[in-house]
1. Amide H to amide H, which residues 5 or more places from ALA61 or on other chains are under 5 Å from it, using H placed in the peptide plane?
2. Does the chain come out rounded, prolate or oblate by the C-alpha gyration tensor, with a ≥ b ≥ c the root eigenvalues, rounded set by a/c under 1.5 and, if not, prolate when a/b is larger than b/c and oblate if not?
3. Sum up the charges of everything whose Cβ sits under 12 Å from the Cβ of GLU55, counting Lys and Arg as +1 and Asp and Glu as -1, but leave GLU55 out.
4. What whole-number value in Å² describes the accessible area per residue of region 151-248 for a 1.4 Å probe?
5. Students often get this wrong: which residues of region 41-69 have the backbone nitrogen under 20 Å from the point 7 angstrom along Cα-to-C-beta of TYR273?
6. Could you check what % of the DSSP bridge pairs in region 103-212 are antiparallel, to the nearest 5?
7. Taking DSSP loops as anything outside H, G, I, E and B, show the longest stretch in the chain free of trypsin sites (Lys or Arg not before Pro) there with at most 15 other beta carbons within 10 Å.
8. Just how far, in whole angstrom, is region 70-137 from region 238-258 if you go by their alpha carbon centroids?
Amino acid sequence: MKTKNFWGVACAAATGLFWYSCTSSNLDNPRQGTINVSVDESFMPLVKSLTHAYEGIYPDAHFNVAYLPEQEAVLSLLRDSSRLAFTSRALSQNERDIIRQQDGKLTEQKIAIDGIALITGKANQDSLITIKELEGIFSGQIKDWSQLKGSSQSGPITLVFDHANASNLNFMIKRFGVQDVTKLPIYTAESNENVIKHVRENRSSIGFIGVSWISDGDATLTSKLSKNMRVMGVSENENPTSIEDYGQPFQRDLRKGTYPLARFIYIISREGYSGLGGGLMTYIARDVGGLVIEKMGLVPTIPYPRDIEVQTKQNF
């Protein structure tokens, strides 16, 4: 009986070690593996740049990225269909509880300051607007271009967004306390790129997009999308007296904190061990990911450290 018990325990231990070895070898790590990532479509240019840069350093690392409206990206994370999510907001307490009830480890990290860009077609000469006027539009009190100060045109204002459940619309609804969006003249174009195309062809429209779609000066797509389009200046001042009272969603004003429609970009992880998701987060926060963010025209929340060595030489 003792001999049989010994061999039974030994076999069980060997089997356990075999399965542990197989499982461990299949786990991703910061240098290799494949994971699913869900991203609000507004951040597509930024996330593409970050993941491609990381995959360039580690060829065995792969990110399956799904670009979705923000609420769908969060749901994918809650269902454990995605390891990481890029969003414009932190999770709610209820969403945090769902992940913790699943024994998931939750990590949230602010990675950049972004801005919602307001755009109009080049044919539209009105490219300045105040927060007070935007509040009037989203409350339904302002419906026509002629109601805006200094407007050179008339006609009904149309608000163009990418998706109904995406971060751009959610941000504006929260910013102005909108209770019923069905009463607003909102058109959804199904993508940020389509918002740009629609606005270019419809003079009465104001489009709302993530600024990284048009702020990467080196990208061919950015150059193409920016043609025949104006980025509106937005003023927090109810009665601006000069052009200096208006800000735009580009690096200078985002860094100075003078653009009224700025927001953070978050990366949220439910990874329970040191895996590929943690590797990407470390790359963004502590490595050269900050330089990628800057190149995209945004402001990294943790700037890439630059050590400058100055040498002085004197001729005697």
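The values are calculated or read from the model by the stated rules, or taken from the named source; none is laboratory data. The structure displayed is predicted, hence computed values, not measured ones. In this analysis, Cβ positions are derived from the backbone assuming ideal geometry, glycine residues included, and neighbour counts consider all displayed protein chains. SASA here: full protein model, heavy atoms, side chains in, ligands and nucleic acids out. Shrake-Rupley method; radii C 1.70, N 1.55, O 1.52, S 1.80 Å.
1. GLY33
2. The shape class here is prolate.
3. Taking every other residue near GLU55 into account, the sum is +1.
4. Dividing the accessible area of region 151-248 by its residue count gives 49 Å².
5. Of the residues in region 41-69, 60-64 have backbone N under 20 Å from the label point off TYR273.
6. In region 103-212, DSSP labels about 45 percent of beta bridges as antiparallel.
7. 228-305
8. 22 Å
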